[in-house]
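S.K.: Sharing a structure here in structure tokens format.
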Amino acid sequence: MTALPVLDTAIIVVAAGSGTRLGAGAPKALIAIDERSILRHALDGVFAASPMQVIVVAPAGFEGEAESALSAAAGDRADVGRVVTGGPTRQLSVAAGLGALRGEVTTVLVHDAARALTPPAQIEAVARAVTADAGAIPVLAVVDTLKRIDSTSIVEAVDRAELAAAQTPQGFPRLPLEAAYASALSAAVEYTDDAALYAAAGHVVHHIAGSERAFKITTPADLERAQLLLGAVPAASDPVVPVVGIGTDVHAFGGKGDLWLAGLEWPGEPALSGHSDGDAVAHAIVDALLGAAGLGDIGQHFGTSHPEFGGAHADVFLARTLELVNDAGWRIGNVSVQFQGNRPRFSARRAEAEAALSSALGGARVTVSATTTDGLGFSGRGEGISVMAVAVLVPDVSRIR
Ligand code: CTP
Ligand code: MG
């Protein structure tokens, strides 16, 4: 067995909270920001800092997930990492982490996994600022004007120059921290953070400059902020670039019953053949929308492997397509469609067709035109109808911040 590296610093990454305020239905640290979880991002930051022992405090029952995140972040430095199980409070989780410190460690950093985007330089700066008896924590100046309040009114103004917001990691010399934890646990006192616990034992805690990126992911809005910072979702400041899609469809006459075209029934007109009602105008629109959104094509979403759409008309296809496109973060700019065919005579019902298609697409602007081909080709010979549709989608900025 190769010898373990000698490390005088350890970082305890507490990740055992349940994430009640995030409300994501799983322990917060395991929730994805992009393709990586909150814990994985926190550990990526830790492993980008100078080498130290890394102790991950995992939610009970999720130790395996924490091990996976740790080994993925550690790469070939997995020998410096360990996972332990957390407790019902943050303080007990930190205490569990303290129990896993290696003998040679003299400086201990305690870090919230929830501060997933903390810059590695902040972790290193805290470690450097710890002395033989004083702790060090990163803080941010408070920018808002602060008031002391009671349940209804302002009691007084508070001088914000005297205040700062505390972040993590918080660093301490090991032995006094262990002693401070032992007395807090035996007195069963809960402190708001490690610095408060350490100061309560009579020690000094210094402050250094924190950073905006070290914010704690607490609410869904914080998670969105992290996603924006990582470029995982488009930002409102990104140029809103529209995308365009094209769709074509051809159906032969020869179906049963009356014609269905452009979302309307045409009594007495020969029907088109095809899966569903053969409404080639609707099908071309579906392909244009799916193509613009990069969602594949009509066969993939509505083909013969989806018998539930067998007899469906345009309204069903278009409503489902709208849902797919919206879920992918797009809204419809407009749809323009033209069909080539000798029949039906279209202009008298154009407004009705456009209204039906628009309504199926949530009120989007849909325009339809028809033309003949001077007797040329299959549509000129009256064998069928050929359609081309173009759709423009724009990023749905109401879903982006
Ligand atoms: N934490 C922990 N063990 C606990 C409670 C919290 O290890 N029993 C950790 C969290 O995982 C988090 C950090 O302490 O990384 C800061 O806590 P907080 O942001 O409050 O996270 P949660 O307690 O998970 O969230 P909430 O309070 O909304 O439930
Ligand atoms: Mg909490």
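S.K.: I'd like to verify a number: residues in the stretch 203-233 that are assigned to a loop (DSSP other than H, G, I, E, B) and either within 16 Å of ligand 1 (Cβ to nearest atom) or acidic (Asp, Glu) (or both), how many?
M.R.: Residues that pass the stated criteria total 6.
S.K.: Within the stretch 290-313, take every residue that is outside any loop (DSSP other than H, G, I, E, B) and of a type outside the set (Gly, Ala, Ser) and give me the one that is nearest to residue 364 (Cα to Cα).
M.R.: 290
S.K.: What's the number of the only condition in (1) open to solvent by 50 Å² or more (accessible area, probe 1.4 Å); (2) farther than 29 Å from residue 225 by Cα that residue 107 fails to meet?
M.R.: The one condition residue 107 does not meet is (1).
S.K.: May I pose another question? With the requirement that a residue be within 14 Å of residue 169 (Cα to Cα) and of a type in the set (A, V, I, L, M), what does the stretch 1-38 give you?
M.R.: 10, 11, 12, 13, 14, 15
S.K.: If I ask for residues that are in contact with a helix residue (DSSP H, G or I) (Cβ under 7 Å, 6 or more places away or on another chain) and surrounded by 14 or more Cβ atoms within 10 Å (Cβ to Cβ), which ones from the stretch 373-391 would you list?
M.R.: Result: 373, 384, 385, 386, 387, 388, 389, 390, 391.
S.K.: Okay, next question. Taking residue 71 as meeting all but one of (1) over 23 Å from residue 122 (Cβ atoms); (2) within 16 Å of ligand 2 (Cβ to nearest atom); (3) modelled with pLDDT of 95 or more, write down the number of the exception.
M.R.: Every listed condition holds for residue 71 apart from (2).
S.K.: Against the condition open to solvent by 40 Å² or more (accessible area, probe 1.4 Å), without any contact (Cβ under 8 Å) to a residue 40 or more places away in the chain, in the same structural domain as residue 355 (by TED's automatic domain parsing) and at positive phi, how does residue 296 come out, does it pass?
M.R.: So residue 296 does not fit the description; no.
S.K.: Still on this structure, please answer the following. Please go through the stretch 24-40 and pick out each residue that is outside any helix (DSSP H, G or I) and more than 8 Å from ligand 1 (Cβ to nearest atom).
M.R.: Answer for the stretch 24-40, where residues must be outside any helix (DSSP H, G or I) and more than 8 Å from ligand 1 (Cβ to nearest atom): 24, 25, 26, 31, 32, 33, 34, 35, 36, 37.
S.K.: Hey, can you tell me all the residues within the stretch 132-157 that are in a loop (DSSP other than H, G, I, E, B), among the β-branched types (Val, Ile, Thr) and either under 30 Å from residue 169 (Cα atoms) or within 35 Å of the chain's Cα centre (by Cα) (or both)?
M.R.: 142, 143, 145
S.K.: Continuing with this model, one more query. Could you identify the single residue in 152, 85 that is in the same structural domain as residue 193 (by TED's automatic domain parsing) and either within 16 Å of ligand 2 (Cβ to nearest atom) or touching a strand residue (DSSP E or B) at 6+ places or on another chain (Cβ under 8 Å) (or both)?
M.R.: 85
S.K.: Look through the stretch 1-34, keep the residues that are free of Cβ contacts under 8 Å to residues at least 60 places away in the same chain and under 12 Å from residue 69 (Cα atoms), and return whichever of them is surrounded by the most Cβ atoms within 10 Å (Cβ to Cβ).
M.R.: 30
S.K.: Can you name every residue in the stretch 65-120 that is within 16 Å of ligand 1 (Cβ to nearest atom) and assigned to a strand (DSSP E or B)?
M.R.: Within the stretch 65-120, 82, 83, 84, 85, 108, 109, 110, 111, 112 meet the criteria.
S.K.: Among the listed residues 168, 152, 192, which satisfies the condition of being under 27 Å from residue 117 (Cβ atoms) and open to solvent by 80 Å² or more (accessible area, probe 1.4 Å)?
M.R.: 192
S.K.: Criterion first (within 30 Å of residue 221 (Cβ to Cβ) and more than 15 Å from ligand 2 (Cβ to nearest atom)) does residue 119 satisfy it?
M.R.: Judged against the criteria, residue 119 is a match.
S.K.: May I ask you to list the residues in the stretch 1-59 that are among the basic types (Lys, Arg) and within 15 Å of ligand 2 (Cβ to nearest atom)?
M.R.: 21, 28
S.K.: Please count how many residues of the stretch 314-358 are in a helix (DSSP H, G or I), crowded, with 17+ Cβ neighbours inside 10 Å and small (Gly, Ala, Ser).
M.R.: Here the count works out to 4.
The values are calculated or read from the model by the stated rules, or taken from the named source; none is laboratory data. This one's a predicted model, so the numbers in the text were calculated from it and none came from an experiment. Quick reminder, even Gly has a Cβ in these numbers, built from the backbone with ideal geometry, and neighbours come from all protein chains shown. What goes into the accessible areas is simple: the full protein's heavy atoms, side chains included, and nothing from ligands, DNA or RNA. Shrake-Rupley method; radii C 1.70, N 1.55, O 1.52, S 1.80 Å.
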